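A short write-up of the structure that comes next.
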Amino acid sequence: MSQKRATPVPFLSAGLKAGKSAGGLLAALRARRVPLPGREASAGARGDTVVASYNIHKCVGTDKRFDPGRIMDVICEIDADIIALQEADQRFGERAGLLDLERLHRDCHLLSVPIAAFSPKGHGWHGNLLLVREGAVAKVNQLKLPGVEPRGALVVDLDLKHGPLRIIAAHFGLLRHSRSQQARAILAAIEEAEERPTLLIGDLNEWRIGRRSALSLLSPVFDHSISAVPSFPSRYPLLALDRVMGSPHTLVTHVEVHHSTLSRVASDHLPLKAHIDLKAALATRKDLVAGATPRSETAPTGETDGKGRQGPTAQLG
């Protein structure tokens, strides 16, 4: 999927170019939110869809207590239309899923995207679980990411009421070299896919901003700097490990952490919450790619193609 026509969005405001980059960045970090330039608006006018990312730390809070119910309460607090969870399964042993999916559906109105789980009792793929409020799942690709540690990503094509959207839900490794490899693998997966607005969301384990960041390899498809809001550690967030990035860059209109009494203790990460304007992004894309013919899908409906990819699998909501 070519993204050469996308126009990068500058980080924060034009004041950065006037030598105010450090002050502007620090102000955003302290505020724990990033209003994107030219798109800041009231909460009701930030877009049409709310997405979130949350590393639930295997349901172990900062008080060392294992409490899945507390995590589910935070998920309900976030009130997102789409949320990507990391560390949603046990790491060892049976690698069973840790959350009550029926309760998430009943109380939070969220359904898990159907996948081939990493283990028979698991819910996620390498701990990645994607929850969606409504819409149809058009395709799922379960990526095994390169690197020293076993890591993975879910590439899910959704058909929502506001239009088509691709979600890449990922958890990158702890080593910079592994993160670089994983960033390249994500770009390769995008190149092979049909073009549609895309979000990369998850715990990407990268706190650097600029050329030293492994996420700089994602440019120009994604601009890693515009969603750099500290989310870790949850009690006093200093590092922007969790990200929501859009392609085109105008897709994401607002990013902030979900900061509550419960979220500060439920996990060592704070949830990251973002607003997107899918309708506006699709209108822009339509103008840019007028006359282009999309590639046809090859995977049959409801079946895998042998590489973990699936055709249309479920109607959610």
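The values are calculated or read from the model by the stated rules, or taken from the named source; none is laboratory data. Just so we're clear, the structure is a prediction, and the values are computed from it rather than from any experiment. Neighbour counts run over all protein chains shown; Cβ positions are idealised from the backbone, glycine included. The protein model used for the area step is the full one, side chains on, heavy atoms only, and it has no ligands, DNA or RNA in it. Shrake-Rupley method; radii C 1.70, N 1.55, O 1.52, S 1.80 Å.
General remarks:
- Temperature 25 °C, viscosity 0.890 mPa s: under these conditions the Stokes-Einstein estimate for the range 110-214, based on its Kirkwood radius over C-alpha pairs, is 170 µm² per second.
- At full extension, residue 116 and residue 261 could sit 48.7 nm farther apart than now, given 0.36 nm per residue minus the alpha carbon distance.
- When peptides 94-100, 215-221, 144-150 are sorted by average Cβ neighbour count within 10 Å, with the highest value leading, the order is 215-221, 94-100, 144-150.
- For peptides 109-117, 123-131, 60-68, sequence by mean Cβ density within 10 Å, most packed first: 123-131, 109-117, 60-68
- Gain on full stretching of the segment that runs from residue 188 to residue 161 - 0.36 nm per residue minus C-alpha separation: 6.9 nm
- Over the range 39-125, Cα pairs under 8 Å with separation of 6+ residues give a relative contact order of 26 percent.
- Label zone at residue 94, where the point sits 7 Å out along the Cα-to-Cβ direction: the range 100-140 residues whose backbone N lies under 15 Å: 100-101, 118-124
- Sorted largest first by accessible area at a 1.4 angstrom probe radius, with every protein chain in place, the residues 222, 92, 118 fall in the order 92, 118, 222.
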